[in-house]
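Right, one structure below, let's go through it.
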Amino acid sequence: MIPPPPAPDAVLFRSSTGRILAFSAGVAVLVGLSAAGVYVGLAALLGRPVDRTVDLITLLPVFMPLVTIVSVSLALLIRSPPWVRLSAAGVEIGTPHARAVLIPWSAVESATLRSRSVLAGLDVVPQSTAIAALQDADGQLPRTRTRDGRRSYFVQVGLFPGGPAEVTAALRARGVPEARPPAPAADLR
């Protein structure tokens with residue numbers, strides 16, 4: 001359940017089950033066709049008859065671990081789709097099965113949009129004092145991750161309606177500069 005907005009100008013972004021299923025089905029078809037193409041190509045290179053290469057018994061052991069991992073990930077996404085709410089009060093992150101976290105803009109160290117594709121993610125890094133205050137609260141918090149020694153809240157925003165572009169526009173409207181991850185340094189020796 002999504003709590004009431006902390007400010008009247010709040011903008012809510014959340015993914016839907018249908019959008020997650022459509023994306024997952026598209027990826028599954030693409031991976032399946034690619035794997036079948038590679039398998040047929042390898043069979044032709046090795047001199048095996050191409051008519052026997054799409055044998056289900058041969059393909060099944062290769063794809064069962066992949067199908068299992070994708071199925072479990074998909075089930076977790078559908079069961080608990082993430083949501084983000086941006087307002088004058090701050091950024092609020094949650095899922096239906098976790099307590100929502102409201103981080104005031106003054107406690108946000110950085111908000112970085114990673115990628116611009118369907119796999120885009122919003123990485124919100126609160127200041128260390130804000131992390132300590134949030135951990136003292138009761139209930140399950142949205143998942144965090146550690147990157148470069150800093151803990152952050154990471155939310156997949158690529159499947160939100162409007163995608164990463166609308167999330168970026170909402171961040172800019174609230175005065176949060178668009179932070180992009182630094183490009184890897186080129187070794188020019």
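Throughout, read-outs are computed from the coordinates displayed, never taken from laboratory work. Being a predicted model, the structure only gives us computed values, none of them experimental. Ideal geometry is used to build each Cβ from the backbone, glycine not excepted, and the neighbour counts take in all protein chains shown.
Translational diffusion of segment 81-173, estimated by Stokes-Einstein from the Kirkwood radius over alpha carbon pairs at 20 °C in a medium of 1.002 mPa s, is 160 µm² per second. Listed from fewest to most Cβ neighbours within 10 Å, the set ILE2, ILE69 follows the order ILE69, ILE2.
Legend: calculated FRET efficiency, ARG19 to VAL67, from the Cβ-Cβ distance at R0 = 22 Å, rounded to 0.05, equals 0.60.
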